């Protein structure tokens, strides 16, 4: 029970992950077209965004199960 009280509020963690993920998505949307074809850059940014949020969600769920 003591470890549960020391953990961050899950809502704040979810919001933080969403903000960081969206920030990374925006950075990729802006930066990748300079290096890749626009269509490939946007597709890569979307795929990276999905992977980042999926990995973060998996990690959050894994930590919540403990």
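The figures follow:
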read-out: Of all residues making up region 21-39, the number that are more than 17 Å from the chain's Cα centre (by Cα) and surrounded by 12 or more Cβ atoms within 10 Å (Cβ to Cβ); value: 4
read-out: Long-range neighbours under 7 Å by Cβ, at least six apart or interchain, first residue over 13 Å from residue 64 (Cα atoms) within region 1-19, second surrounded by 10 or more Cβ atoms within 10 Å (Cβ to Cβ) and modelled with pLDDT of 75 or more; value: 17/56; 17/60
read-out: Scan of region 26-58 for residues that are closer than 20 Å to residue 12 by Cβ and touching a residue at least 12 places away in the same chain (Cβ under 8 Å), ordered by number; value: 52, 53, 56, 57
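The values are calculated or read from the model by the stated rules, or taken from the named source; none is laboratory data. Computed from a predicted model, the values in this text were never measured in an experiment. Heads up, the Cβs are rebuilt from the backbone with ideal geometry, glycines too, and the neighbour counts pull from every protein chain shown.
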